[in-house]
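**Student:** Can you keep this structure in mind? I'll have questions shortly.
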Amino acid sequence: MEFRIGRATLSARSRGIVGAVVLFCASPFAAADPTGPLSCVEGQFGVGGCPPYGQVIFFGAGVTGPNSVFEYERPVLDFSPSAPGGTLRGVVDLSQGLLRTYAQANDDGNPSTNNGASMNAVGVDLFTLHRLGAPSPDFFSFSVVFTAEGVGGIDNPFYSVGSYLSIRPDSVNGAPLGISGGKLDAGSVLQAGTHVPVFQQFSVNLMTFANLSARLDQPFQLTFSLRTDVSERSFLDFMHTARISFLLPEGVTVTSMGGFDSAGVPAIPEPSTWLLMMAAGLAGTARLARIRRRDV
């Protein structure tokens, strides 16, 4: 089996390596000077490309044929493969910190097979804190939150669906980045008849977050992904909300190379139950920031 990447083609052996690197690898940049220009070695971040970029990976028997398709390098992506076996869609919009996925697999008429489908949307971007009048060595504590709300349905009592949310912070050029805790992964596997009703629409809510501290005007990297897996006669629809948001100190803003600007992106809703979950981690991050300010 071959795995097509844009116009290139990889062997089946390479596909496994690519999948592991693309979905889970977020390496720091090669240069050691945090104040110097950003550098990126082609191929360092998975298959290729340098941040900011989006990725859409989709596959499924009867939906995309024998090959999986992988696209990257653009900060805005929208791929919608469809076939009699089902429909998939993945959207990446780095300027909004937004990912969207949709996956539906139809019944192939063979009760002895279960041909599923999968869609994964990934964003890789560089973010920077700003504040007017603040000296650049200052550290600030903040949180980045990634939430997704979707709906699904399963029309077979023996089948299941799965949804997965992930966020990964990384330093850039060796610049210090404090990570005091968080919940970097969230997943939900739902079995029809056991976890959710058959032939009825149900809701799925996912949330990840990271408590961080960083200097002003020095970029840090975030890799975030949303994946949906479905069985035959089922669907998952995350076309409404899967968005990056920030809890920032007063007077601090954040922008990204992909066009994100916290001043123009909808804020996360308050109050929320997960704010309490982050309180302890933020306290630890603040203490770390104070220690680093004394050492500067």
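The values are calculated or read from the model by the stated rules, or taken from the named source; none is laboratory data. Everything numeric in this text was worked out from a predicted model, so none of it was measured. Please note: Cβ atoms are built from the backbone with ideal geometry, for glycine as well, and neighbour counts cover all protein chains shown.
**Student:** Please find, within the stretch 190-210, the residue that is nearest to Thr147 (Cα to Cα) out of those that are of a type in the set (Ser, Thr, Tyr) and loosely packed, with under 13 Cβ neighbours inside 10 Å.
**Tutor:** Taking the stretch 190-210 and keeping what is of a type in the set (Ser, Thr, Tyr), we get 194, 203, 208.
Next cut, loosely packed, with under 13 Cβ neighbours inside 10 Å only: 194, 203.
Details: Thr194: 25, Ser203: 14 Å.
For the stretch 190-210, the residue satisfying everything is Ser203.
**Student:** Next up: What is the residue count in the stretch 168-192 for residues that are within 30 Å of Gln104 (Cβ to Cβ) and without any contact (Cβ under 8 Å) to a residue 60 or more places away in the chain?
**Tutor:** Looking only at the stretch 168-192, we keep the residues that are within 30 Å of Gln104 (Cβ to Cβ), and these are 168, 183-192.
Right, trim to without any contact (Cβ under 8 Å) to a residue 60 or more places away in the chain and you get 184-192.
Count: 9.
**Student:** Select, from Ser180, Ser225, Ser234, Ser171, the only residue that is crowded, with 20+ Cβ neighbours inside 10 Å and within 26 Å of Pro135 (Cα to Cα). First the steps, then the outcome.
**Tutor:** Numbers: Ser225 fails: within 26 Å of Pro135 (Cα to Cα); Ser234 fails: within 26 Å of Pro135 (Cα to Cα); Ser171 fails: crowded, with 20+ Cβ neighbours inside 10 Å.
Answer to the selection: Ser180.
**Student:** Further, regarding this structure: Hey, can you tell me all the residues within the stretch 122-148 that are part of a strand (DSSP E or B) and of a type in the set (D, E, K, R)? If you could, list the steps in order and put the result at the bottom.
**Tutor:** Applying the first criterion (part of a strand (DSSP E or B)) to the stretch 122-148 yields 122-130, 139-148.
Once the filter is applied, which keeps residues that are part of a strand (DSSP E or B) and of a type in the set (D, E, K, R), the stretch 122-148 yields only Asp125.
**Student:** Moving on. So which strands (runs of 3 or more DSSP E) stay within the stretch 43-107 end to end and still have 1 or more residues that are at pLDDT 85 or above? Can you show your working first?
**Tutor:** Values: elements: 53-60, 68-72, 76-79, 86-93, 98-105.
Because the criterion is at least 1 residues that are at pLDDT 85 or above, the strands (runs of 3 or more DSSP E) in the stretch 43-107 that meet it are 53-60, 76-79, 86-93, 98-105.
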